[in-house]
1. Packing-wise, with mean Cβ within 10 Å as the measure, how do 163-173, 106-116, 295-305 rank, highest first?
2. Of ILE197, ILE189, ILE155, how do they rank once you tally other Cβ atoms within 10 Å and put the fewest first?
3. Say the cut-off is 25 Å between C-alpha atoms; which of LYS351/LYS445; LYS351/LYS430; LYS295/LYS358; LYS56/LYS142 go over it?
4. Which order do ARG199, ARG453 fall in if you start with the one that has the fewest other Cβ atoms within 10 Å?
5. Counting other beta carbons within 10 Å of each residue's own, what order do TRP226, TRP447 fall into, fewest first?
6. Pull out the extension gain between ASN408 and LEU187, defined as 0.36 nm times the separation in residues minus the alpha carbon to alpha carbon distance; nm, one decimal.
7. Which of the peptides 357-363, 439-445 is most tightly packed, and how do the rest follow, going by the mean number of other Cβ atoms within 10 Å of each residue?
8. What are the ³J(HN,Hα) couplings of region 213-230, residue after residue, when phi is run through the Karplus curve with 6.51, -1.76, 1.60 and θ = phi - 60°? Round to Hz, x for glycine and proline.
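Just so it is clear, none of the values below were taken in a lab; they were calculated from the coordinates. The structure displayed is predicted, hence computed values, not measured ones. Here Cβ is always computed from backbone atoms with ideal geometry, including for glycine, and neighbour counts include all displayed protein chains.
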Amino acid sequence: MRAALSKHAGARVRSGEAGTSRRPALRSMALLPLLAALIAPAAQAVDIGEAVAGGKTSLGFRYRLETVSQDGIDEDAAASTARARLTWNSAESDSLSFGIETDYSLILGIEDFNSTTNGKTRYPVVADPDGFDLNQAFVKFKEEDFTVTLGRQRINHGSQRFIGGVAYRQNEQTYDGLRLQTNVGALDIDYAFIHNINRIFGPGDGAQPGDWYGNSHAFRATIAAWPGHTIAGYAYLWDLENDNGPGNSNATYGAEYQGVFNQLTVTAMLSNQSDHGDNPLSYEATHYLLQGDLKLGGISITAAYEVFGSDTGSTDDPEKFAATRFGGLMVDLGSNRHLASLRFPAATLHKFQGWTDKFLIAPATGLHDAWVSVSGKVGEATVTGVYHDFRSDVTLLDAVSGRPLLDNYGSEIGLSVTYPLRDNLGLLFKIARYSADDYATDTTKAWLMFDWRW
């Protein structure tokens with residue numbers, strides 16, 4: 001697509017060199033000497049029998065029926081899926097513990113959907129492939145306010161805007177690496193070196209890779225500045241090596257504030273992102289969020305405005321860029337220049353920008369999301385309604401007529417109802433409708449889910 005553009009703020013072009021690809025590698029072995037030095041004193045006294053005997057086992061079973069009707073695809077999707085989960089955690093013995101968690105995702109009856117691995121591309125995507133997955137397997141050392149975790153593990157930072165588990169999908173996203181957590185007074189520090197993202201599309205590869213390998217770092221420090229007010233600083237350096245990973249490699253630095261003022265909670269976030277690692281596109285863009293949550297009796301009202309900036313990036317290797325980009329819209333501006341927006345390769349994306357998942361990847365022209373939600377109790381049920389208005393950060397103009405091509409993307413309305421059937425059994429019904437204007441197509445999704453835990 002070749003187009004002219006008009007931006008809310010002036011874009012700038014940066015030059016850069018395309019990186020060279022590296023072979024994916026599992027690097028946990030290099031971390032073992034460090035871990036050994038940290039836990040050696042405790043390991044001498046650990047009683048494996050005591051740790052195993054005191055371990056705890058939990059079971060979970062989740063069933064979901066999901067339907068998708070999407071303009072442009074003749075067939076509607078219907079997915080009847082389930083996930084069985086077995087979790088075992090040892091008791092702590094002289095500061096050491098370990099845990100393992102397995103998931104098995106399966107099809108129960110209806111398989112009229114594109115799971116990204118089953119080859120049924122005539123249907124809309126429901127990203128719940130079947131198969132067995134080792135969800136977690138880790139050893140943990142904890143001494144007072146210092147914790148070290150090595151292995152495959154769950155990592156959720158803050159709201160999961162930058163790193164999370166995507167727990168809504170049947171195959172959870174977990175991480176292979178080394179995590180260090182500590183707190184000093186009012187300051188909490190959380191750092192992880194990650195050499196593999198165990199993605200929701202696994203356990204095997206399909207239309208999307210089941211794993212992203214690389215050298216990545218996730219850091220977040222949070223301080224309780226004064227009662228009811230916290231400030232966090234974060235840095236996420238994603239250096240992803242295989243498949244479409246390089247096009248999603250980025251370095252993001254930012255800060256977040258959250259303050260409580262009686263019934264009102266205010267959240268503000270500001271981030272800057274640029275290319276990193278072997279990303280073939282050179283770009284820099286800004287993300288910010290302003291959000292207010294108001295509680296009035298039993299009613300919660302949230303209003304927010306979130307912006308994903310867009311930049312005129314350059315590439316010395318257009319073919320590699322086109323091959324490695326992950327979703328979104330690539331807009332060719334000529335002279336090897338392309339529009340680029342922010343990437344969130346490890347975020348819990350279903351939580352943000354609407355439930356129909358039309359903006360899992362922000363379009364290259366950026367995104368402005370103004371949304372409001374209202375939630376409250378109706379008997380034992382919790383009912384939530386939400387509305388999103390989506391617009392571009394950059395307005396593309398037709399090179400001949402000057403008319404806008406991409407400006408007002410569309411809107412979405414959603415409704416969810418959760419109900420506790422028993423102490424260990426929950427029911428969820430959810431439906432969302434995306435009405436397209438300049439971007440994507442009209443889409444309706446609905447879910448019925450039962451979640452048992454023992």
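1. Working: 163-173: 21.7, 106-116: 17.5, 295-305: 13.3.
Sorting 163-173, 106-116, 295-305 by mean packing, highest first, produces 163-173, 106-116, 295-305.
2. ILE189, ILE155, ILE197
3. Values: LYS351/LYS445 15 Å; LYS351/LYS430 13 Å; LYS295/LYS358 29 Å; LYS56/LYS142 18 Å.
LYS295/LYS358, as the Cα separations exceed 25 Å there.
4. Details: ARG199 22, ARG453 14.
The fewest-first ordering by Cβ neighbours comes to ARG453, ARG199.
5. On the way: TRP226 10, TRP447 19.
Ranked by crowding around the Cβ, least crowded first: TRP226, TRP447.
6. On the way: separation 221, 0.36 × 221 = 79.56 nm, distance 4.20 nm.
Gain on extension, ASN408 to LEU187, equals 75.4 nm.
7. Values: 357-363: 22.4, 439-445: 18.6.
Answer by packing, highest mean first, reads 357-363, 439-445.
8. Going residue by residue, I get 8, x, 10, 10, 10, 10, 9, 8, 10, 10, 10, 7, 4, 7, x, x, 9, 10 Hz, with x marking Gly and Pro.
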